[in-house]
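Worksheet: the structure to be examined is printed underneath.
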Amino acid sequence: MQKISAPLDEEGYAQNKSRLQAIAETTFGSLTDEVVLEFLAERRSLMKENSMYESVRDEEAKRAAALTAEEQVLEHELEELNISITPDKDDDTLLALIQHRRELEAKLAALNEEEAKLSGKISQEKDYSEEAQEKDIPALTHDVPEDETVLAPEEHEDGSEKKEDSSKTEDAVVASLEIGASEVASQEELVSSTEEVVSIETSSKTADTLIGNEGINKEANSQEATEYLQFLQSNAEEALSRLETISESLRKDKMFMLEVAKVDPAYAMHYADSKTLKKDEDFNVRIAAMKNPRDSGNPLAEMLSDMRTSKVVMTAVKQDFRNLRYATRSMEGYDEMIEIAKREAREKVKSLGQAVDVRVFLPKTLREDHVFLKEIEEIIEKLKRKTL
């Protein structure tokens, strides 16, 4: 057998998973003790490599989400700053504001560059992962007696067999049994967790003629939900600050969280249960379609990166063309998203007039479209001439 030595990238990760699956399907009882020992060593090595890779990948995803949030804060600050730059201010004040704008733009450019690098890397890893799922990586085999073919670790070049004393062999077999038992326990926990999630989602879907096919779980949470929603209507600021203290069952309740989202979709998405609601595409689509009356942030920045699907992003772009920043070329309907964003951007520029700073106002994808950028600049120039 030729052992796979995989680097920490998506290709190596997929190969390692395939190899681990092959090892898991091997019948150790038909192999010698020496072969079992080598299998155990190989499995530990592959699991360690994959664990390291998963940690790196998760950190990159978190950093990408943090960059997106930072960019949105800067963009909002720049928008406010541009509004404050008016002719009625004295020269010193205007110069200070312009200098501050340059500093913010420099920070934004640096964040954009870092995000582009991370997005490119994550996109490549995702593309490979999708390709790997479509391909069957062949299992590696080792020659054994004619009546049986099983996996085996690599042979020594001189053809000799490694010899271990009986106590070491017995320890290895015991270790193998312990590892196997641990893996079975982990699988049972996963099944139990999955059943719990299904149970929660099922229980929260109750008929309700007032709000549709799904309603707030009235049996378990009616009092808490009613009191909180009443408090939300009377004092939104205070109620939202206490959102993290509500019960976990309410944070998993789709219709309850959608009621919260009507007041602030960004807060609702931030505190929605990450194992259920944040993985519910319909919930994400409904949130993406909402305007944020409190302007507390962009709910898409609070979504799980893999749940910003083409359907979610399309809905978000229709709601605010600046959400085009979350679109990728691989998404279904990408060209349509571009056209929608361009149409909405033109209308917005015409309504705002010459005060628009296209470097901040337009999402990066539209800024890089030189033909469209020139069109917007011409619209702004015409508006300037009309005011003279």
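The values are calculated or read from the model by the stated rules, or taken from the named source; none is laboratory data. Everything numeric here is computed off the predicted structure, so don't read it as measured data. Neighbour counts run over all protein chains shown; Cβ positions are idealised from the backbone, glycine included.
Could you list, in sequence order, the residues of the stretch 265-296 that are among the acidic types (Asp, Glu), within 16 Å of the chain's Cα centre (by Cα) and assigned to a loop (DSSP other than H, G, I, E, B)?
Within the stretch 265-296, 273, 280 qualify.
Take the residues of the stretch 27-41 that are of a type outside the set (A, V, I, L, M) and touching a helix residue (DSSP H, G or I) at 6+ places or on another chain (Cβ under 7 Å): which is surrounded by the most Cβ atoms within 10 Å (Cβ to Cβ)?
Among them, the one singled out is 39.
Does any residue of the stretch 52-62 turn out to be assigned to a helix (DSSP H, G or I), modelled with pLDDT under 85, within 25 Å of residue 20 (Cβ to Cβ) and among the small types (Gly, Ala, Ser)?
yes
Report yes if some residue within the stretch 124-132 is at pLDDT below 80, under 30 Å from residue 35 (Cβ atoms) and surrounded by 12 or more Cβ atoms within 10 Å (Cβ to Cβ); otherwise report no.
Scanning the stretch 124-132 turns up at least one residue that is at pLDDT below 80, under 30 Å from residue 35 (Cβ atoms) and surrounded by 12 or more Cβ atoms within 10 Å (Cβ to Cβ).
Of these, 71, 80, 75, 49, which one is exposed (fewer than 13 other Cβ atoms within 10 Å of the Cβ), assigned to a helix (DSSP H, G or I) and acidic (Asp, Glu)?
Just a single option satisfies the conditions, and that option is 80.
Please work out which one of (1) surrounded by 14 or more Cβ atoms within 10 Å (Cβ to Cβ); (2) farther than 20 Å from residue 288 by Cβ; (3) free of Cβ contacts under 8 Å to residues at least 60 places away in the same chain is the condition residue 357 fails and give its number.
Residue 357 satisfies every listed condition except (3).
Need at least 2 residues that are in contact with a helix residue (DSSP H, G or I) (Cβ under 7 Å, 6 or more places away or on another chain) and among the β-branched types (Val, Ile, Thr) per element, so show me which helices (runs of 4 or more DSSP H) inside the stretch 297-376 make the cut, counting only ones lying wholly within it.
Result: 310-319, 334-352, 358-361.
Going through the stretch 291-343 one residue at a time, which ones are closer than 21 Å to residue 367 by Cβ, crowded, with 19+ Cβ neighbours inside 10 Å and of a type in the set (Gly, Ala, Ser)?
301, 316, 327, 341
Test residue 272 against the stated conditions and say whether it is surrounded by fewer than 20 Cβ atoms within 10 Å (Cβ to Cβ), among the aliphatic types (A, V, I, L, M) and touching a Lys or Arg at 6+ places or on another chain (Cβ under 9 Å).
No; evaluated as a whole, the condition is false for this residue.
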